[in-house]
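> Sharing a structure, written as C-alpha cells. Questions coming.
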Amino acid sequence: MFGHSARVGSRHFSNTAASRWMRASLMLLMVAVSGRWTAAAAADICVANDSEFVIATINAQFAPTTIQLVRGTYHIDGTAFDDTLSTFPGFSLLGGYAPGCATRDIDPTNTTMHSASSFGLVADMTGDVTIEGIRFDGPGGALNLDWSDDDHDIPPAVQLNIRRNIFNGLQSGVYISWYANDSQALDVRIVNNLMHDNGDGSGSPCSGSNGGMLQLSTVEDSDATFTLINNTIVNNGLGGSVCFGFSGTLLAYNNILYGNTGPDFLTEAGTNALLIDNLFQTHTYHGLVTELGTLDTDPRLDGSFRPIESPPSPVINSGDNDVHGGLPSHDLDGGPRVIGSAVDRGAYESSIDDELLQTVSNANDSGAGSLRAAIASANANGSGLINFDMGTGCGPHVITLNTALPALTAGAIINGYSQTGSSQNDLDVGDDATLCVILEAGNSSVTTGLQVAANAGDSTAVSIKGIAFSGFSDAAIDLQGGSTHFVAGDHFGGEVGGHSLLPNGVDIRLGIAAH
C-alpha cells in the first residue's frame with residue numbers, strides 16, 4: 001500500500017542556510033510599506049537563469065504565477081520548489097521560450113530542470129498547476145505535488161496538467177496526492193510524456209517514497225479523475241511504473257508501459273479504472289478495472305523511444321481516438337498527433353498512414369493487387385506502405401515484369417518481409433534470412449527494377465526490404481532522387497528458395513540527385 005503519510009514523511013529538505021537567507025531576504029521585498037504582507041498579483045514571469053528562477057518561485061507562493069523558462073538548464077535546489085514548508089496557490093511551469101519570451105518552441109529537449117534533492121520539485125498546492133515542455137533529470141527526484149484541505153483552503157475545482165515532458169535519470173518519480181474533502185474535485189491530465197530509465201531498481205513495488213514512476217493517490221471517497229493519455233513509461237527501476245491508490249477514477253488511453261521493474265501497472269482496492277488500448281507488459285489489478293484492447297507484446301521502439309516503422313511496431317495506428325477530454329493536437333516532439341486511421345500508442349506518432357496501406361496480393365505484372373498498382377497508388381496519394389500477402393506460404397513468389405514499373409515519386413515502405421514465411425537475418429556473421437518475394441525482368445526491355453525518380457524531392461524517403469532481384473541489365477534498385485533511403489536485407493545473385501537469380505547490371509545505384 002502506498003499513501004500520503006509515506007510520501008510526505010519521505011520529503012527531503014535540501015536547502016542550505018545560505019539559500020534560506022537569500023530567499024528570506026527576497027521575500028522582504030514583497031512587504032508593503034505598512035509592514036503587512038501584500039499578496040502579489042497573478043503574473044507571467046520570463047526566467048532566463050537560476051537567480052531569476054528563485055525569485056519567480058518565491059512570487060509563486062503569493063499569487064498564481066506563470067513561469068516562462070527561456071531554453072536552457074535550471075536547478076530546483078535552492079528555490080521555493082525545494083521546500084516542504086512552501087505553499088502555492090497555483091502555477092504554470094512552461095519550457096521552450098526564446099530570449100525575452102516573445103516566442104516559444106515546445107520541445108522538452110531544449111529546457112532542462114535539474115534536481116539533486118530526493119523528491120525534486122515539491123509543492124503543497126491549493127490551486128491549478130500546469131507543467132509543460134521540460135526535461136527533468138538529475139540524481140534527485142521529479143515531482144511531488146500535494147493538495148490537502150487539512151492545512152489549506154482548496155477551491156471547489158482544481159486542474160493539473162502534465163504534458164509533453166521527459167523524465168530521465170531520476171531516483172524518484174512523479175507523486176500526486178489529493179486529500180481534499182468530498183465537495184472538492186480534482187481533474188488531472190497526464191499527456192504525451194516520456195518517462196524512461198529512472199531509478200536503480202531497488203524500490204519496493206509501488207510502495208512509499210521509492211516505488212513507482214508515477215504514483216497517484218487520493219483519500220477515500222474523493223472526487224478526483226486522473227486521465228493518462230499517450231504516455232511512454234519504459235525501463236524504469238523504481239519498483240513499478242504506474243500505481244493508483246484508494247479511490248477516485250482512473251482513465252488510461254493509448255499508453256505504453258514496458259520493461260519496468262515490478263508491475264508496469266498497479267491498482268489498489270477501491271480503484272475504479274477504465275483502461276483502453278494500452279500496452280502493459282505486466283500488471284496487478286485490484287478494485288473495479290475494465291480494460292479493452294490491452295497489448296502485452298514488445299512495443300518495438302527505437303533508441304529514441306519512437307515506434308519502429310518497418311516492419312511496423314504494433315503500437316502504430318492501434319490506439320483510441322475517442323478519449324476523455326480529447327486527444328492533443330501534437331505528439332511529444334510537436335508532430336501531428338494522429339496520422340492514419342487511428343492514433344499511435346505512446347508519446348510519439350509515427351509517419352505511417354495505414355489508410356494508404358497497399359497490399360500486393362498476387363504476382364501479376366499489373367492490375368488489382370499487383371506491385372505496379374501499389375506503386376501507382378503510393379505516387380498518387382503522396383506516400384504508401386506496401387506489404388505482401390501473395391497466398392499462403394513462402395513460395396518464393398516471383399513477380400515477372402513485362403514492362404518497367406513506374407518510378408517512385410513519393411515516400412514509400414516496400415516490405416518484402418511482410419510476406420508469410422519470410423524472416424530477417426539473425427546472424428552476426430553469415431545470413432540465415434528467408435526471402436519469399438522475387439522481382440524479375442521478364443524481357444530485355446525491362447532494365448530497371450525499383451526506381452526513385454530523379455525529380456523526387458528531399459522529402460521522398462523510400463525503404464526497400466526483404467526482396468530478391470533478378471535480371472535487370474541497368475540497375476535492380478536505382479535511387480536517382482529523394483533522400484534518407486533505407487535499403488536492407490535484399491538479395492542479388494545466387495538463388496532464393498531454389499530459384500536462380502540472374503545477374504543485374506548494377507545491384508544498387510545512387511543517382512546524383514539523391515541525398
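> Divide by every residue of the chain the summed helix terms, -39500 (n - 2.57) for each DSSP H run of at least 4, and state the resulting mean residue ellipticity at 222 nm, rounded to the nearest 500 deg cm²/dmol.
-2000 deg cm²/dmol
> When all alpha-carbon pairs of segment 403-515 are counted, what percent fall beyond 24 Å?
On the way: 1511 of 6328 pairs.
Pairs farther apart than 24 Å: 24 percent.
> Here is a follow-up. Kindly state, to the nearest 0.05, the FRET efficiency for residue 459 paired with residue 109, given R0 = 22 Å and r defined as their beta-carbon distance.
So, using R0 = 22 Å, E works out to roughly 0.45.
> Any idea how far the Cα center of segment 98-159 sits from the one of segment 336-406, in Å?
45 Å
> Could you list which residues have their amide H under 5 Å from that of residue 360, counting only those 5 or more apart in sequence or on another chain, with H placed in the peptide plane?
The list, which skips near neighbours in sequence, is 387, 388, 389.
> Please state the charge dipole magnitude for the chain, taken about the Cα centre, from unit charges on C-beta atoms (+1 on K and R, -1 on D and E), reported in debye and rounded to the nearest 20.
On the way: 18 positive and 54 negative charges, 182 e Å.
I would put it at about 880 debye.
> Report, by chain and number, residues whose modeled amide H sits under 5 Å from the one on residue 411, excluding near sequence neighbours (fewer than 5 apart, same chain).
461
> Counting only DSSP beta bridges with both residues in segment 270-395, what percent are antiparallel, rounded to the nearest 5?
Values: 3 of 13 bridges.
So the antiparallel bridges amount to about 25 percent of the total.
> Under a crude label model (7 Å from the Cα following the beta-carbon direction), how far is residue 294 from residue 330 in nanometres?
Each label point is offset 7 Å from its Cα along the Cβ direction, giving 3.3 nm.
> Roughly how many Å is it from the Cα centre of segment 475-515 to that of segment 415-457, as a whole number?
Result: 8 Å between the Cα centres.
> As a test, work out the antiparallel percent of DSSP beta bridges whose residues both lie in the chain, rounded to the nearest 5. Working shown, then result.
Details: 8 of 137 bridges.
Bridges in the chain that DSSP calls antiparallel: roughly 5 percent.
> Residue by residue through segment 312-329, what is 3J(HN,Hα) from phi via Karplus (6.51 cos²θ - 1.76 cosθ + 1.60, θ = phi - 60°)? Round to whole Hz and write x for glycine and proline.
x, 4, x, 7, 6, 6, 10, x, 10, 7, 9, 10, 4, x, x, 6, x, 7
> Leaving out ligands and nucleic acids, note down the accessible area per residue over segment 301-420 with a 1.4 angstrom probe, in whole Å². If you can, show how the numbers build up before the last one.
Numbers: 4510 Å² over 120 residues.
Accessible area per residue, segment 301-420: 38 Å².
> Further, regarding this structure: Taking the 0 to 90 degree range and rounding to the nearest ten, how far is the long axis of helix 371-381 tilted relative to the main principal axis of the chain, both from C-alpha atoms?
40 degrees
> How long are the semi-axes of the equivalent ellipsoid of segment 393-446, defined as square roots of 5 times the Cα gyration tensor eigenvalues? Whole Å, largest first.
After diagonalising the Cα gyration tensor, the semi-axes are 25, 15, 11 Å.
> Output the relative contact order of segment 271-356, whole-number percent, from Cα pairs under 8 angstrom with separation of 6+ residues.
24 percent
> Show me, for segment 229-237, the HN-Hα J-couplings you get by feeding each phi into the Karplus relation (A = 6.51, B = -1.76, C = 1.60, θ = phi - 60°), rounded to Hz, glycine and proline as x.
Here the 3J(HN,Hα) series is 10, 6, 9, 10, 10, 9, 6, 9, x Hz.
The values are calculated or read from the model by the stated rules, or taken from the named source; none is laboratory data. Quick caveat: nothing in here was measured; it's all calculated off a predicted structure. Virtual Cβ from ideal backbone geometry, glycine too; neighbours counted across all protein chains shown. Keep in mind that these areas ignore ligands, DNA and RNA; they rest on the heavy atoms of the full protein, side chains included. Shrake-Rupley method; radii C 1.70, N 1.55, O 1.52, S 1.80 Å.
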